[in-house]
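Just below is one structure, and these are the notes that go with it.
The values are calculated or read from the model by the stated rules, or taken from the named source; none is laboratory data. Computed from a predicted model, the values in this text were never measured in an experiment. Cβ: placed from backbone, ideal geometry, glycine included. Neighbour counts: every protein chain shown. Side chains are part of the model used for accessible areas, which takes the heavy atoms of the whole protein and leaves out ligands, DNA and RNA. Shrake-Rupley method; radii C 1.70, N 1.55, O 1.52, S 1.80 Å.
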Amino acid sequence: MLLRKPTDLTYADVTPKSVYLDRRKFLRGIGIAGLAALAGQRLLELAIPSQSVHAGTKLTSIKGPFSTDEKINSFNDVTHYNNFYEFGVDKDQPAKNSQKFVTSPWTVSVSGEVKKARKFSMEEILKLAPLEERIYRLRCVEGWSIVVPWIGFSLSTLVNLVEPTPKARFVAFESYYDPGQMPLGKYAGIELPYVEGLRLDEAMNPLTLLCVGMYGETLPNQDGAPVRLVVPWKYGFKSIKSLVKIRFVKDQPPTTWNLYSSQEYGFYSNVNPQVDHPRWSQARERRLPEFFKTHKTLMLNGYGEQVASLYAGMDLRKNY
Ligand SMILES: Nc1nc2c(c(=O)[nH]1)N[C@H]1C(S)=C(S)[C@@H](COP(=O)(O)O)O[C@H]1N2
Ligand SMILES: [Mo]
């Protein structure tokens, strides 16, 4: 293809396969006049119909940093044992009830204490950086853990584009909520929309993943399609799903589980085997699909080398 300069070739590697094929179809379809009219423009932007990025679209990624060499869970385990209260509070409900969830078109708005507030379409997010596969552990506060080949890139890539002002000290995140599509949300027992937060330096740590896929594909709906966070050194509830709003703020923002029960769930919620939940020990965990807690829980879920410095001098019993 004449119009594909060598520098464009890498896009094939970071573009969902069906999107890439659509682009080729598009290029074949528009003819010479069309090609001339497009000279100098970004073909990819014009060629991606928003409907093409749906759950299960193939993603090609490069190998990212920080991967564990532990055994990866099966796709089936990770997609049939979920917490996604908008679609029901039982672990098997999100898989059943989220299948018709409409995730395209999708935009993430970024606002607050930033120089360049803006919205990102899902197609724009997919092109912000080469997609990386990172095999992270994720541990739920309830005591189960999973090892997943997530796909995405560091959240810091997006943050740098909007240029936080010196007043920004925290980042507030909000999930999509539509009672029409999520009729069980009103029985979830938590306030919705789901909200979460990080300190700015936590959000900027390269380990914090803006996640768009797993197991070589875009995210299944029950795992937070089309875009979520994965913050692997914190309990799973910090890894907010189906993200629509990011707001940079001066003060520590409210978080869903802290609003529900502040004695049990703190703002930090770093994985910590030495600080028990008021109702159960956090010393051990069970790796899905196992029943028994055969794994020792590691401080900061084993990611201390990357993130322990963020908490230097802080009392992690007080800041649970
Ligand atoms: N919007 C939203 N995000 C959410 C939740 C939720 O109920 N709603 N549950 C959280 C909890 S408690 C966990 S353990 C993880 C689970 O992610 P997984 O289902 O992909 O394993 O998602 C987190 N993100
Ligand atoms: Mo969780």
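Data overview
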{"item": "Segment 148-167 residues that are open to solvent by 50 Å² or more (accessible area, probe 1.4 Å), paired with ones that are among the hydrophobic types (A, V, I, L, M, F, W, C) (beta carbon under 7 Å, 6 or more apart)", "result": "Glu163/Val114"}
{"item": "Every residue from segment 202-217 that is in a strand (DSSP E or B) and open to solvent by less than 10 Å² (accessible area, probe 1.4 Å)", "result": "Leu209, Leu210, Cys211, Val212, Gly213, Met214"}
{"item": "Qualifying residue in segment 66-77 (condition: surrounded by 20 or more Cβ atoms within 10 Å (Cβ to Cβ), within 16 Å of ligand 2 (Cβ to nearest atom), at pLDDT 95 or above and more than 16 Å from Val227 (Cα to Cα))", "result": "yes"}
{"item": "Which listed residue is under 18 Å from Ser67 (Cα atoms), under 23 Å from the mean Cα position of the chain (by Cα) and among the polar types (S, T, N, Q), from Ser239, Ser269", "result": "Ser239"}
{"item": "Count of segment 233-275 residues which are open to solvent by 30 Å² or more (accessible area, probe 1.4 Å), within 15 Å of ligand 2 (Cβ to nearest atom) and assigned to a loop (DSSP other than H, G, I, E, B)", "result": "1"}
{"item": "For Pro226: the one exception among (1) surrounded by 24 or more Cβ atoms within 10 Å (Cβ to Cβ); (2) within 16 Å of ligand 2 (Cβ to nearest atom); (3) in contact (Cβ under 8 Å) with a residue 60 or more places away in the chain", "result": "(2)"}
{"item": "Residue among Val108, Val89, Val171, Val141 that alone is within 17 Å of the chain's Cα centre (by Cα), over 14 Å from Cys211 (Cα atoms) and either open to solvent by 10 Å² or more (accessible area, probe 1.4 Å) or away from ligand 2 (no atom under 16 Å from the Cβ) (or both)", "result": "Val171"}
{"item": "Which numbered condition Lys186 misses (of (1) under 24 Å from Pro94 (Cβ atoms); (2) charged (D, E, K, R); (3) in contact with a strand residue (DSSP E or B) (Cβ under 8 Å, 6 or more places away or on another chain))", "result": "(3)"}
